[in-house]
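To start, the structure under review is shown below, and the notes come after it.
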Amino acid sequence: MSAAADIDPEIVEAQATARRTLAAAYRIVDHLGWTETIYGHLTLRVPGTGNFLINPWGLRYDEVTASNLVEIDIDGNVIGPSNYPVNQAGFVIHSAVHAGRDDLHCVFHTHTTAGMAVAAQQEGLLPISIMATGYHGRVAYHDYEGPSLNLAERERLVASLGEQKVLILRNHGLLTAGATVEEAFILMFRLQRACEIQVAAQAGGGTLTIPSADVCEEAARLTDDFLNGNDGAPAGKLEFDSYVRLMDKLDPSYKH
């Protein structure tokens, strides 16, 4: 906890809530099968500070809890006590977004098979499904530079992301970011599904049906409206909360 948190009960509670929410997100991602042993990261800005929370290096996602999440500053320094180090590549990618985009507080980065398969294709994400058309004109791409261990890559990552919330890391994987954990989650959920559908459609052979640019743009606009309306709920909240209820039923230990 920050020094400010010691004197502000609202910040204390906000930080505790942030830890529980991010820990739940790790368990949800594990449940959905988006993990690759201990790799990949979900990060969240710590309320009242310029720091962010990241998973303890070496733990599986199903081992992440609210209390063992590691708080680090934008330079990678661990804040407060922790028994775990932080993965350098995760720090480089996530700190780039947190430092470069004040509007994005949560970042999801995955190495799923379908996501990496689409990331390996020159055409990138194709608008061939209801999920994919929602991203028409809303996906950025970043060329592969090898494992993201070079701090100098952060500037190029932010430049590649631009004003978007979705970034496909070529030959690497998927990244989504949002103002909340819920928004970053729903963007990743729909992106992952779009990639799975694309890989399956390509494997089926035959000519893919691609809607016109006008139809794709209208689909993307309607998707934006849906995600940001959703019966009055913020983007992704209903979907995310439905999985939180499942995590509470299966294993609520993430809260501790």
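Determine if the stretch 216-228 includes at least one residue that is within 20 Å of GLY33 (Cα to Cα) and loosely packed, with under 15 Cβ neighbours inside 10 Å. Steps first, please.
Step one: of the stretch 216-228, the residues within 20 Å of GLY33 (Cα to Cα) are none.
Among the residues of the stretch 216-228, not one is within 20 Å of GLY33 (Cα to Cα) and loosely packed, with under 15 Cβ neighbours inside 10 Å, which makes the answer no.
How many residues, within the stretch 138-168, are assigned to a strand (DSSP E or B) and acidic (Asp, Glu)? Here the count works out to 0. Scanning the stretch 1-19 for residues that are modelled with pLDDT of 95 or more and either crowded, with 18+ Cβ neighbours inside 10 Å or among the hydroxyl-bearing types (Ser, Thr, Tyr) (or both) turns up GLN15, THR17, ALA18, ARG19. Please work out if ARG156 is basic (Lys, Arg) and surrounded by fewer than 15 Cβ atoms within 10 Å (Cβ to Cβ). Considered against the rule, which asks whether it is basic (Lys, Arg) and surrounded by fewer than 15 Cβ atoms within 10 Å (Cβ to Cβ), ARG156 comes out as yes.
Looking at ASP241, is it surrounded by fewer than 17 Cβ atoms within 10 Å (Cβ to Cβ) and within 26 Å of GLY33 (Cα to Cα)? Give the steps one after another, and end with the answer.
On the way: surrounded by fewer than 17 Cβ atoms within 10 Å (Cβ to Cβ): yes; within 26 Å of GLY33 (Cα to Cα): yes.
Spelling it out, ASP241 is indeed surrounded by fewer than 17 Cβ atoms within 10 Å (Cβ to Cβ) and within 26 Å of GLY33 (Cα to Cα).
For the stretch 209-256, how many residues meet the condition of being within 19 Å of GLU183 (Cα to Cα) and assigned to a helix (DSSP H, G or I)?
Going through the stretch 209-256, the residues within 19 Å of GLU183 (Cα to Cα) turn out to be 219-247.
Retained after the next criterion (residues that are assigned to a helix (DSSP H, G or I)): 219-232, 237-247.
Qualifying residue count, the stretch 209-256: 25.
So, in the stretch 211-252, of the ones that are at pLDDT 95 or above and among the small types (Gly, Ala, Ser), which residue ends up nearest to the chain's Cα centre (by Cα)? Per the stated criteria, the residue is SER242. Among the criteria (1) surrounded by fewer than 22 Cβ atoms within 10 Å (Cβ to Cβ); (2) in contact (Cβ under 8 Å) with a residue 12 or more places away in the chain, the one GLU63 does not fulfil is (2).
For (1) over 11 Å from the mean Cα position of the chain (by Cα); (2) assigned to a loop (DSSP other than H, G, I, E, B); (3) of a type in the set (A, V, I, L, M), each residue gets a yes or a no:
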{"residue": "ALA184", "(1), (2), (3)": "no, no, yes"}
{"residue": "MET188", "(1), (2), (3)": "no, no, yes"}
{"residue": "LEU191", "(1), (2), (3)": "no, no, yes"}
{"residue": "CYS195", "(1), (2), (3)": "yes, no, no"}
{"residue": "ALA200", "(1), (2), (3)": "yes, no, yes"}
{"residue": "THR207", "(1), (2), (3)": "yes, yes, no"}
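Annotation note: Cβ proximity below 9 Å between a residue of the stretch 119-147 that is touching a residue at least 60 places away in the same chain (Cβ under 8 Å) and a residue that is of a type in the set (Lys, Arg) and part of a loop (DSSP other than H, G, I, E, B) (sequence gap 6+ or interchain) occurs for ARG138/LYS165.
The values are calculated or read from the model by the stated rules, or taken from the named source; none is laboratory data. The structure displayed is predicted, hence computed values, not measured ones. Cβ sites come from the backbone with ideal geometry, for glycine too, and all protein chains shown count toward neighbours.
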